[in-house]
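Trainee: One structure coming up, written as structure tokens, with questions to follow.
The values are calculated or read from the model by the stated rules, or taken from the named source; none is laboratory data. What you see is a predicted model; the values in this text were computed from it and never measured. Note that we place each Cβ from the backbone using ideal geometry, even for glycine, and neighbour counts take in every protein chain shown. Just so you know, the surface numbers come from the protein's heavy atoms only, side chains and all, with ligands and any DNA or RNA stripped out. Shrake-Rupley method; radii C 1.70, N 1.55, O 1.52, S 1.80 Å.
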Amino acid sequence: MSTAARGPTTTPSMRSFDDSLPMALLAARESAMQYFRPMLAAHDLTEQQWRILRALRAAEAPVDVGHLVIATNLLAPSVSRILANLEDRGLIDRTQAADDQRRSVISLSANGVAVVGQVAPESERIYAMIEARFGTERLHSLIRELHDLAQLLPDPEDSP
């Protein structure tokens, strides 16, 4: 086989795989989610559905789809599909926005509030276990650092 067929004989300099930020974030996420997934499944919820329910619970007023896209880091088509499912299940209410009849706003329904109320204590037990293992201050510091990282990195489409 020729050298051209095998590719270059040397690889460009690259940080070690162990120092890869995306891989470290993914590994930490998967380590945490292995505790949350079974709890969510027991309530017939996906991770993405729970993100939307949490975002709606945190909102002080009904919100539009754009707000949910940003708050949950989900793509708009996914949010629309998930909202349709949650609406069919009676977990959210969709109404017309007061300032624009063409736009709808979403809020938790009474059933949605009840589901969040059922899941929240279980979620908090998982957080307590994580804090016991990792340390409360370390966890809060990590979350702050991750928020800072997300805020400081510009959107690649906005970069020159």
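Trainee: Could you tell me the convex hull volume per residue, in Å³, taken over the Cα atoms of region 26-100?
Mentor: Here the figure is 101 Å³ per residue.
Trainee: Would you work out what percent of the accessible area of the chain, with all protein chains in place, is carbon or sulfur (probe 1.4 Å)?
Mentor: Details: 6360 of 11360 Å².
C and S fraction of accessible area: 56 percent.
Trainee: Hey, can you find the accessible area per residue of region 71-160 for me, probe 1.4 Å, expressed in square angstrom?
Mentor: Values: 6310 Å² over 90 residues.
For region 71-160, the per-residue accessible area is 70 Å².
Trainee: Determine Rg/Rh for the chain; Rg is computed over alpha-carbon atoms and Rh is the Kirkwood hydrodynamic estimate from the same atoms. Don't jump to the answer; show the numbers that get you there.
Mentor: Values: Rg = 20.6 Å, Rh = 18.9 Å.
In the chain, Rg relative to Rh is 1.09.
Trainee: Enter the accessible area of E137 (Å², nearest 10), with the probe set to 1.4 Å and all protein chains included.
Mentor: 120
Trainee: Tell me which DSSP H helices of the chain clear both cut-offs, 30 Å or more of axial length from alpha-carbon atoms and a mean Kyte-Doolittle hydropathy of at least -0.5.
Mentor: The answer, listed by residue number, is 21-42, 110-134.
Trainee: Next question, about the same structure. Quick one: compute the contact order of the chain, relative version, from alpha carbon pairs under 8 angstrom and 6+ residues apart, as a percent. Provide the component values of the computation, followed by the final result.
Mentor: On the way: 103 pairs, mean separation 27.8, N = 160.
This gives 17 percent for the chain.
Trainee: What is the sum of charges, Lys and Arg at +1 and Asp and Glu at -1, for the other residues whose Cβ falls under 14 Å from the Cβ of Q151? Present the calculation step by step, with values, prior to reporting the outcome.
Mentor: Values: positive: R144; negative: E145, D148, D155, D158.
Charge balance near Q151 sits at -3.
Trainee: Could you tally the net charge around Y35, taking each other residue with its Cβ under 15 Å from the Cβ of Y35, Lys/Arg +1 and Asp/Glu -1? Provide the component values of the computation, followed by the final result.
Mentor: Working: positive: R29, R37, R125, R133; negative: E30, E47, E122, E124, E131.
Once positives and negatives cancel, what remains is -1.
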